[in-house]
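Please read the structure below before turning to the comments.
Rule-based calculations on the coordinates, nothing more; no lab input. Bear in mind that the values here come from a model prediction, so they are computed numbers and not experimental data. Ideal geometry is used to build each Cβ from the backbone, glycine not excepted, and the neighbour counts take in all protein chains shown.
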């Protein structure tokens, strides 16, 4: 890479940090502060583990103005928490682009002094589900080479367009930092704001994205889907008659290309509903109705 190209990349990364800095705040819970991302004009998305307690919370904006914070609720599966504040905040915008392994990304947080701090790296692994407790897991996580310290917990993880692709946790697996994808984080935050906790649809499926080719592609009329690699006995999908090896290509009329799509579409608003799912089994296409259950907290 030439000197001019490096200078251009350096300038672009600095501009991303400058653009997102007003949306990244400092949250005081336990003695050591953590970071948070403005979810809307008066709510902050952060990690409950970094908060350390429910009362006595304070939120500090990029310009130094500080106000009390109230814990609205948190998601036991992801460990994400929503804190309400009287401060007027600049909401961050989640990216609609699909993260890919190898993409450059920037982690943005607040230091103990409230100065903006940043770290850059690549998306090294995209995987999941990641177990987080008994009957709890995060459907998908990003792992990055960007180094982070504890203050990055609850910070922003942005792509090169300056949009949020995840919330940083400052936790690591085999030396790679763990990031919760924005699609999962924003869904969890929306549910917490509505209900005090996420209301999540439950299918009883373990799946992975798959490319559909050959006769299956011709039968399905789709190039991508979610392959079922595991079923919970007597879960909604099992009761509906799905089997391991089935490929889900559409959910309630919407195409499926990833497990994130499935998590998003099986949201709290569909709990109790019989939802039609399009399934490829061998070279046969089936329409099967699954009654969505509520995932236990």
Checklist outcome for this item: Distance in nm between residue 54 and residue 289 label points, each 7 Å along Cα→Cβ, equals 4.0 nm
Next on the checklist: Rounded, prolate or oblate, given the Cα gyration tensor of the stretch 201-294, with a/c below 1.5 counting as rounded?
Outcome noted: prolate
Item to check | Segment residue 132-residue 112, extension gain: residue separation times 0.36 nm, minus the distance between their alpha carbons | outcome: 4.4 nm
Checklist entry - What is the gain in length, in nm to one decimal, between residue 149 and residue 218 on full extension, counting 0.36 nm per residue of separation less the C-alpha to C-alpha distance? => result 19.9 nm
Checklist entry - Nearest 10 degrees, 0 to 90: what angle lies between the long axis of helix 3-20 and the longest principal axis of the chain (Cα atoms)? => result 90 degrees
Checklist outcome for this item: Yeah, the stretch 35-163 with a ≥ b ≥ c from its alpha-carbon gyration tensor (a/c under 1.5 is rounded, else prolate when a/b outruns b/c, oblate otherwise) is oblate
Checklist outcome for this item: Note on the chain: contact order normalised by length, alpha-carbon pairs under 8 Å, 6 or more apart, percent, works out to 14 percent
Checklist entry - If you line up the long axis of helix 182-195 against the longest principal axis of the chain, both from Cα atoms, how many degrees apart are they, to the nearest 10? => result 90 degrees
Checklist entry - How much FRET efficiency would the formula 1/(1 + (r/R0)^6) give for residue 30 and residue 239, where r is the Cβ-Cβ distance and R0 is 45 Å, rounded to 0.05? => result 0.55
Item to check | Simple label model, 7 Å out from Cα along Cβ direction - residue 254 to residue 90, nm | outcome: 3.0 nm
Checklist entry - Mean residue ellipticity at 222 nm from the helices of the chain, using -39,500 (n - 2.57) per DSSP H segment of n ≥ 4 over the full residue count, to the nearest 500 deg cm²/dmol? => result -5500 deg cm²/dmol
Checklist entry - In nm, to one decimal, how far is the modelled label at residue 66 from the one at residue 9, with both set 7 Å along Cα→Cβ? => result 3.9 nm
Item to check | Relative contact order computed over the stretch 195-283 (Cα-Cα under 8 Å; 6+ residues apart), in percent | outcome: 34 percent
